[in-house]
Amino acid sequence: MKFSLGLLFAAVAVASSPAKRADAVSVTGSPPGFAYGVTGGGDATPVYPTDVKHLIELLGSDDPQVIIIDKTFDFIGTEGTTKGNICKAYGSFEDGCQSTIDIGKGCDGKPSEPYEWDTAGTTGITVQSDKTIIGVGNKGVLLGKGLRIVRASNIIVQNIMITNLNPQLVWGGDAITLSGTSKVWIDHVTTQYTGRVHYVFGHEANAHVTISNSFMNGATNFSTSCDGQNYWGLELVGADDQITFANNYVYRTSGRSPALSGKTLFHAVNSVWEDNSGHAIEGTDDGQGLFEGCVFNNVTQIVGDFVGQLFSSPSATANKECAGYLKRDCVTNIQTNNGDQFTNADTKFFSNFAGLNIATASAASAAQASVPTNAGNTL
């Protein structure tokens with residue numbers, strides 16, 4: 001386990017004190033894979049938002065912005081609360097189970113009760129095009145509200161934490177939402193205590209997206225599986241999404257990590273799935289996933305009943321199939337203590353990599369050693 005729930009809450013509390021201004025804050029590195037070439041706010045003068053209102057204004061402006069997050073921005077209570085009904089479909093809060101907000105469809109015969117939740121968490125902050133968001137050290141925290149990137153392009157989000165989005169409630173909040181986007185790089189981001197999904201890709205296509213060096217922390221006090229592991233990981237339903245998923249740590253989830261559908265092209269490189277109590281990969285028959293140099297450790301079910309196209313780098317012979325499309329052999333995955341073996345070797349979708357920038361891949365053993373420590377807001 002990376003660190004305990006108690007320590008996670010403590011980290012948020014520490015981050016609430018203002019940080020001293022740095023002489024120079026800039027983006028670290030460059031995006032691997034599909035988001036190559038993204039510039040974000042470019043050379044715009046860095047701005048330090050003073051409060052949540054100022055941050056919302058900067059992210060929603062039409063101008064290029066470089067926005068420095070050097071403290072905790074606490075959104076809890078800033079938009080009041082919402083009263084409604086919740087469906088007790090999975091069990092009680094006392095047993096560590098999530099309830100579901102009734103979004104107007106009723107509770108399908110399940111027990112229900114009135115409830116009040118924080119409004120801010122249910123909808124992310126609108127992020128317009130040409131934005132760079134950079135956290136300073138481990139102090140850049142969005143508490144109680146995520147990010148919503150819709151019909152926008154050329155965006156960099158680096159080195160922040162998004163946390164505490166009504167975690168006891170399904171539909172309580174998503175950490176990062178993308179729909180109809182292009183050229184988006186999300187790097188060294190920690191997401192935790194979400195009400196629903198860490199990353200949700202809407203139905204409009206998301207082109208040239210990279211998620212890298214990020215920590216999806218599924219350890220939680222409330223879940224649909226009632227086992228302290230978040231079910232809602234990566235919901236990828238966009239039409240023809242292109243997503244590089246490189247050097248990320250997916251920890252203690254119980255499903256949808258990812259859910260691949262909507263002709264999504266998902267290239268997972270040197271990422272680590274660890275202590276996942278359910279199925280890691282699910283989705284529909286039009287989802288496409290290439291996993292190479294990755295680590296699956298203590299995953300109850302890697303593939304499950306997924307019916308789409310997957311390539312898991314099962315052998316040196318199969319890996320050579322990559323050369324014609326990726327201009328190199330694929331790299332074999334490491335699988336230990338899992339409930340099933342990930343041996344899929346579909347290659348028909350490889351032609352969809354044509355014209356895209358392809359992330360490099362190192363040995364899975366290198367990812368196993370470094371990713372759990374370095375992923376997340378660790379810069």
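Observations on the structure shown:
- Leading residue by the ranking (nearest to the chain's Cα centre (by Cα)) among those in the range 23-70 that are part of a strand (DSSP E or B) and of a type in the set (A, V, I, L, M, F, W, C): 69
- Selection status of residue 56, closer than 21 Å to residue 211 by Cβ and touching a strand residue (DSSP E or B) at 6+ places or on another chain (Cβ under 7 Å): no
The rows are residues; the columns are (1) in contact with a helix residue (DSSP H, G or I) (Cβ under 7 Å, 6 or more places away or on another chain); (2) assigned by TED's automatic domain parsing to the domain that holds residue 199; (3) not aliphatic (A, V, I, L, M).
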| site | (1), (2), (3) |
| --- | --- |
| 249 | yes, yes, yes |
| 260 | no, yes, no |
| 273 | no, yes, yes |
| 293 | yes, yes, yes |
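- Within the range 263-290, the set of residues being assigned to a loop (DSSP other than H, G, I, E, B) and over 14 Å from residue 199 (Cβ atoms) comprises 263, 270, 280, 281, 284, 285, 286, 287.
- Here residue 248 clears all of (1) over 15 Å from the mean Cα position of the chain (by Cα); (2) in contact (Cβ under 8 Å) with a residue 60 or more places away in the chain except the condition numbered (1).
- Every residue from the range 336-379 that is more than 17 Å from residue 318 (Cβ to Cβ), assigned to a loop (DSSP other than H, G, I, E, B) and touching a Leu at 6+ places or on another chain (Cβ under 7 Å): 358
- At least 2 residues being modelled with pLDDT of 95 or more and out of contact with any Asp or Glu (no Cβ under 9 Å at 6 or more places or on another chain) is the threshold, and among the strands (runs of 3 or more DSSP E) wholly inside the range 72-143 those reaching it are 72-74, 99-101, 112-118, 131-135.
- Selection status of residue 358, under 26 Å from residue 277 (Cβ atoms) and among the β-branched types (Val, Ile, Thr): no
- For residue 240, the stated conditions hold: it is in a loop (DSSP other than H, G, I, E, B) and modelled with pLDDT under 95.
The values are calculated or read from the model by the stated rules, or taken from the named source; none is laboratory data. Because the structure is a prediction, the values reported are computed rather than measured. Counting neighbours? That spans all protein chains shown, and the Cβs are built from the backbone with ideal geometry, glycine included.
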